[in-house]
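Values in this text are rule-based calculations from the coordinates and carry no lab data. Nothing here was measured: the structure is a model prediction, and the numbers come from that model. Every residue, glycine among them, receives a Cβ derived from its backbone with ideal geometry; neighbour counts consider all protein chains shown.
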Amino acid sequence: MPTVLVVGATRGIGLEFARQYAADGARVIATFRRSQDAERMRAIGARALPLDALDPDSIAALGQHLDGQAIDVVLLVAGLAGPETTDLGPPSREQFDEVMRTNVLAPMQLIPVLAQNLEAAQGKLAAISSRRGSIGLAADTKGWLYRASKAALNSVVKSASIQLGARGVVCMALSPGWVRTDMGGPSAPLDVRDSVTAMRRVIAAANRSHNGRFLQHTGEQLEW
């Protein structure tokens, strides 16, 4: 029975990952920020653990909870979209700090804490990025703070893949597509179940040749 950790599992893509893996018999550990969300995790069969990914003490506590436990799949899902600008309007310092701390700093603090768990299982780390994070594919300036944060997240994953890949861990950045969630909005063409099902196929098929790659939910390799 594989063990799966979903960081940011209270809604949208994270909740669907937790639900699908639990339904297939995996041992799912799901993190939540608000105590009222814990029961939702337990209702789908997941072990619920509190985590404020912006609090170093909370991250350390998660590491203590998971000490010595092999984890087959770690999913870093939690993220913020930030202001939906359509031009080069500057974000406020508060907006910048909130988005960058959530989308970049939190993964940089979590990955070292979870490295031994992944190594013990020769597991897989998948960070949920976005096609908007691709510098090579950029064609407009919409949501440029979000784009910058996901480009930075991609760099984090690539750096992690160098060290963790040598220890047998496969590290990937995954774009889920444009998904109908609170973040994606009701006009998005992709249902969350279909997106997560597709990403799970990519994760399941991944081997060492996928380490350090940026992949669409369909499995297509994306430009950094």
Worksheet item: At q = 0.12, 0.18 Å⁻¹, what log₁₀ I(q)/I(0) does a Debye calculation on the Cα points of the range 86-210 give, no solvent, two decimals?
Response: -0.51, -1.08
Response to the item:
Expected unfolding gain across Gln116-Thr86 under the 0.36 nm per residue rule, minus the alpha-carbon gap, is 6.7 nm
Item to complete: Scan the range 1-109 for GluC sites (Glu not before Pro) in coil per DSSP, keeping those whose Cβ has at most 15 other Cβ atoms within 10 Å, and list them by number.
Response: Glu84
Worksheet item: Taking the Cα centre of the chain as the origin, how large is its charge dipole in debye, to the nearest 20, when only Lys and Arg (+1) and Asp and Glu (-1) carry charge on their Cβ atoms?
Response: 440
Discussion item. For a Förster distance of 30 Å, can you work out the FRET efficiency between the beta-carbons of Gln69 and Arg193, rounded to the nearest 0.05?
Written reply: 0.60
Worksheet item: Under unit Cβ charges (Lys, Arg +1; Asp, Glu -1), what dipole magnitude, rounded to 20 debye, does the range 15-144 have relative to its Cα centre?
Response: 300
Item to complete: Return the distance in nm (one decimal) between the two label points of a simple spin-label model at Gln163 and Ala204, each offset 7 Å from Cα along Cα→Cβ.
Response: 3.2
Discussion item. Within the range 1-28, name every residue whose backbone N is under 19 Å away from a label modeled 7 Å from Cα of Arg47 along the Cβ vector.
Written reply: 1-10, 15, 17-28
Worksheet item: Which ³J(HN,Hα) values, rounded to whole Hz and listed in residue order, are derived for the range 203-217 from phi using the Karplus coefficients 6.51, -1.76 and 1.60 in 6.51 cos²θ - 1.76 cosθ + 1.60 with θ = phi - 60°, glycine and proline given as x?
Response: 5, 4, 7, 5, 9, 5, 5, 8, 4, x, 10, 10, 10, 6, 4
Discussion item. Using each residue's phi in the range 26-35, evaluate 6.51 cos²θ - 1.76 cosθ + 1.60 at θ = phi - 60° and report the 3J(HN,Hα) Karplus result to the nearest Hz, with x for Gly and Pro.
Written reply: 6, 7, 9, 10, 10, 9, 9, 9, 9, 4
Item to complete: List the pair-distance distribution P(r) of the range 3-216, using every Cα-Cα distance, as the percent of pairs falling in each 5 Å bin from 0 up to the bin containing the longest distance, rounded to whole percents.
Response: 1, 8, 15, 20, 22, 18, 10, 5, 1, 0
